[in-house]
Structures are given as C-alpha cells and as structure tokens.
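The values are calculated or read from the model by the stated rules, or taken from the named source; none is laboratory data. Just so we're clear, the structure is a prediction, and the values are computed from it rather than from any experiment. Virtual Cβ from ideal backbone geometry, glycine too; neighbours counted across all protein chains shown. The area values use the complete protein model at the heavy-atom level, side chains included, leaving out ligands, DNA and RNA. Shrake-Rupley method; radii C 1.70, N 1.55, O 1.52, S 1.80 Å.
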Amino acid sequence: MAAKGQPVNVQKEQMFGLAEKEMEYRVDLFNRLTQTCFSKCIEKRHKEAELNMGENSCIDRCASKYWQVTNLVGQLLGNQPQM
C-alpha cells in the first residue's frame with residue numbers, strides 16, 4: 001500500500017494523469033503566447049524571410065510580458081484560500 005491507503009498502481013495512474021494535464025496546459029499556454037505575439041508583432045504581408053529588428057524586439061517584449069503576467073496570475077491564484 002502506498003500513501004493514504006491507495007495502491008501503488010492507482011497512485012501512479014493519478015500522477016500520470018496530472019503530468020498529462022500539465023503537459024496539455026503548457027502546450028496550450030505556448031500556443032496562446034505564439035498566436036498573441038505573432039498577431040500583435042508580425043506584419044500581415046511578409047516582406048522578408050527573416051524578422052526585422054522591430055518585429056524581433058516586439059516579440060521579445062511580448063513574450064516576456066506574457067510570461068510575467070502568467071506567473072503573476074498563477075501566484076495570485078495559488079495564494080487564494082481553498083473553498
């Protein structure tokens with residue numbers, strides 16, 4: 001028996017499920033960050049194969065702010081009392 005009286009197999013399945021949810025969350029977060037910063041920073045009509053300096057700076061700032069806000073929201077939600 002494992003912790004809290006659960007069999008080891010059940011505990012492993014629960015941990016796998018949590019890891020799977022975490023991976024889905026991270027993929028979704030990355031996709032939203034990519035879509036948000038791309039639509040904000042990249043011109044609709046591509047002129048060059050590479051990003052220009054303005055686009056590059058915009059994406060850098062956008063991604064940085066996105067992660068800061070995501071972390072702040074996560075901290076605030078983590079500090080709320082459980083209902």
Kindly check whether there is at least one residue in the range 57-70 that is open to solvent by 70 Å² or more (accessible area, probe 1.4 Å), outside any helix (DSSP H, G or I) and of a type outside the set (D, E, K, R). no
May I ask you to verify whether PHE30 is in a helix (DSSP H, G or I), at pLDDT 90 or above and in contact with a helix residue (DSSP H, G or I) (Cβ under 9 Å, 6 or more places away or on another chain)? no
